[in-house]
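One structure is given below, encoded as structure tokens.
The values are calculated or read from the model by the stated rules, or taken from the named source; none is laboratory data. Only a predicted model underlies this, so the values are computations on that prediction, with no experimental measurement involved. Neighbour counts run over all protein chains shown; Cβ positions are idealised from the backbone, glycine included.
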Amino acid sequence: MMRVDFSKLRFLVVDDNAHMRRIVRTLLHGFGAREVYEAEDGAAGLEMFTTHLPDIIIVDWSMPIFDGIELTSMIRRPDSAVNPFVPIIMLTGHSEKSKVMRARDAGVTEFLCKPISAKSLHQRLLNCVLNPRAFIKTRDYFGPDRRRNINAVYAGPERRQSETGIVADSGSLRLRDGAVS
């Protein structure tokens, strides 16, 4: 069985609500994380991202300066000198399907609705580390493969004809050595 050593990972929590940041930080520490950085808005989050190079980002949707979608779009620039492959978990109270689809289309790796539980956050983190998705680059999108399930019988108009858009396979998650054992 694969085990994740959260003490070897750096986390960035970007949320304008100090209480929510404290809850997430407490949960991460409970999972064994040692390095948890916090930012109160999208601009501070982008600065912390480039300064601390986190392994996983947890971001709120609604924030001042730029929101979680804008922050995700800035991080997901494929020509970025920083890690555009970093897993991003969107943590928000907006659970409407249109919002989930918009987050997915911005390049969010996982989506988690508030109120959260330790179990649901832990599961999203494990998905990021143990089941990283391939990254796709097309004319209009760069981010984790939005298709979670493979349906061999699907023949619709949006069927990908080849894997030429894949820029990094599922082993591309750039975690520090020893995080997974």
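At a glance:
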read-out: Within the stretch 86-112, tally of residues that are out of contact with any Phe, Trp or Tyr (no Cβ under 9 Å at 6 or more places or on another chain) and closer than 15 Å to Leu27 by Cβ; value: 2
read-out: In the stretch 109-133, the residues that are more than 14 Å from Ile57 (Cβ to Cβ) and among the basic types (Lys, Arg); value: Lys114, Lys119, Arg133
read-out: Evaluation of Ala179 against (1) under 29 Å from Glu35 (Cα atoms); (2) exposed (fewer than 13 other Cβ atoms within 10 Å of the Cβ); (3) modelled with pLDDT under 85; (4) of a type outside the set (D, E, K, R) (one fails), failing number; value: (2)
read-out: Set Ser62, Ser80: member being in contact with a His (Cβ under 8 Å, 6 or more places away or on another chain) and polar (S, T, N, Q); value: Ser62
read-out: Qualifying positions in the stretch 17-39 - surrounded by fewer than 19 Cβ atoms within 10 Å (Cβ to Cβ), free of Cβ contacts under 8 Å to residues at least 60 places away in the same chain and in a loop (DSSP other than H, G, I, E, B); value: Asn17, Gly32, Arg34
read-out: Considering residues of the stretch 68-94 that are more than 20 Å from Lys114 (Cβ to Cβ), charged (D, E, K, R) and in contact (Cβ under 8 Å) with a residue 24 or more places away in the chain only, the residue surrounded by the fewest Cβ atoms within 10 Å (Cβ to Cβ); value: Arg77
read-out: Number of positions in the stretch 52-67 that are within 18 Å of Phe85 (Cα to Cα) and either surrounded by fewer than 21 Cβ atoms within 10 Å (Cβ to Cβ) or modelled with pLDDT under 95 (or both); value: 2
read-out: Top-ranked residue of the stretch 47-59 - restricted to ones that are more than 14 Å from the chain's Cα centre (by Cα) and touching a residue at least 24 places away in the same chain (Cβ under 8 Å), ranked as farthest from Ser73 (Cα to Cα); value: His52
read-out: Whichever residue in the stretch 110-157 is in a loop (DSSP other than H, G, I, E, B) and touching a Lys or Arg at 6+ places or on another chain (Cβ under 7 Å) and, among such residues, is modelled with the lowest pLDDT; value: Arg146
